[in-house]
Amino acid sequence: MTQEIKESISIPEVKLGDYKGLKVKKVIKPVTENAIEIELQRILDQSAQKEEITHRAIELGDIATIDFEGFVNGIAFEGGKGEQVELEIGSGSFIPGFEEQLVGKQVGDSFDINVTFPDGYGGPELSGQDALFQTKVHKISSKSVPKASDEFALKIAGVPSMLEFRSLIREKLEASASASAEQAILDDILAQIIDTSEFTLSNELIESESQAMLKEYSQQLQGCGISLESYLEMMGQSMDQFLIGMKEPAIMRAKSTLAIKAIASLEAVSISDEEMEKEFVEISKIYNIPIDDIKKRFKEEDLIYIRTVIMNKKVFEILLKESIIE
């Protein structure tokens, strides 16, 4: 049994422009020794061990767990409050001048931090403004980063030397560079298609895309151990400001989605049961869950998502095949 995409998609919102014979350039960014070193340091940093410090004050490089609340002209501003926030001193994660004023403080200390928001930071109500942050230190931790050694290479990657580990890093970065180059080609193709197409987008569709992007962004942050709310507090942004910034990307994504569906319809892209089964096998391997259990757990929206992923892959293959890559 085969499901025809064109039978299930109605696309009144788009008049498709050119999508064949488009000219694009493939540029693969070379992997330098500096890039390998940066990636190695990132891996070392990820493997760092944290140890609570109770006998001294905060030093550069420590991780401080703090509460803070920001005020401009004596008035608390939206997004300026955080509780039990972990901040690496010297990372540049917070407003310039904030982290430096934590150095020398002890657990239990309550104090004010005075900073000036950079121009263009967090909207006109904060840009260039002097701010006061009432701050309290709850915990101090040191970070012990392992050395780049043969022992580390064996432990992390199962290779006997750091030389081989760096070679693995190079292979990974080259694969990533190649994938990025292909994605850039697809982005260029889609941009050209969108430029020659006509769209009628409803506010409901734009809002739907914005909410979907918001959910995805929130999940990405959660994967890093940060809530969206904490992130916005650190960046000095309100949810409304964040959503305003997402409007244009949401419009572009909506247009891309409609264009891809239109091409799928014109090209009669179909998805077979065998292709769906292949995706189930891959999901089973990734999550180590029996295929039958996956099928029982999946709702209709999950199946729609999988079909969409397969459809997108097939449309991208068509676009790449029909384009002139220089």
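The values are calculated or read from the model by the stated rules, or taken from the named source; none is laboratory data. What you are looking at is a predicted structure, and each value in this text was computed from that prediction instead of being measured. Cβ coordinates were reconstructed from backbone atoms using ideal geometry, including for glycine residues, and neighbour counts include every protein chain displayed.
Overview of values
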{"read-out": "Given (1) surrounded by 12 or more Cβ atoms within 10 Å (Cβ to Cβ); (2) within 30 Å of Asp188 (Cβ to Cβ); (3) not acidic (Asp, Glu), index of the condition Ile43 fails", "value": "(2)"}
{"read-out": "Any chance Glu204 is acidic (Asp, Glu), surrounded by 15 or more Cβ atoms within 10 Å (Cβ to Cβ), within 30 Å of Glu13 (Cβ to Cβ) and under 28 Å from the mean Cα position of the chain (by Cα)", "value": "no"}
{"read-out": "Hey, Lys81 closer than 30 Å to Ala48 by Cβ, in contact (Cβ under 8 Å) with a residue 24 or more places away in the chain and under 22 Å from the mean Cα position of the chain (by Cα) or not", "value": "no"}
{"read-out": "Residues of the stretch 244-274 that turn out to be surrounded by 16 or more Cβ atoms within 10 Å (Cβ to Cβ) and outside any helix (DSSP H, G or I), as a count", "value": "4"}
{"read-out": "Test: Glu39 is modelled with pLDDT under 95 and outside any loop (DSSP other than H, G, I, E, B)", "value": "no"}
{"read-out": "Selected residue (criterion: modelled with the lowest pLDDT) from residues of the stretch 83-132 that are β-branched (Val, Ile, Thr) and farther than 18 Å from Gly61 by Cβ", "value": "Ile95"}
{"read-out": "Given (1) in contact with a helix residue (DSSP H, G or I) (Cβ under 8 Å, 6 or more places away or on another chain); (2) crowded, with 16+ Cβ neighbours inside 10 Å, number of the condition Phe77 does not satisfy", "value": "(1)"}
{"read-out": "The stretch 100-131, residues that are among the hydrophobic types (A, V, I, L, M, F, W, C) and either under 19 Å from Phe242 (Cβ atoms) or crowded, with 16+ Cβ neighbours inside 10 Å (or both)", "value": "Leu102, Val107, Ile113, Val115, Phe117, Leu126, Ala131"}
{"read-out": "Asp150 free of Cβ contacts under 8 Å to residues at least 60 places away in the same chain, surrounded by 14 or more Cβ atoms within 10 Å (Cβ to Cβ) and more than 23 Å from Pro30 (Cβ to Cβ)", "value": "yes"}
{"read-out": "Residue that is touching a Lys or Arg at 6+ places or on another chain (Cβ under 7 Å), farther than 30 Å from Arg253 by Cα and not in a loop (DSSP other than H, G, I, E, B), where the choices are Lys143, Lys155", "value": "Lys143"}
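The rows are residues; the columns are (1) part of a helix (DSSP H, G or I); (2) at negative phi; (3) of a type in the set (Lys, Arg).
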| position | (1), (2), (3) |
| --- | --- |
| Met276 | yes, yes, no |
| Phe280 | yes, yes, no |
| Lys285 | yes, yes, yes |
| Ile289 | no, yes, no |
| Asp293 | yes, yes, no |
| Asp302 | yes, yes, no |
| Tyr305 | yes, yes, no |
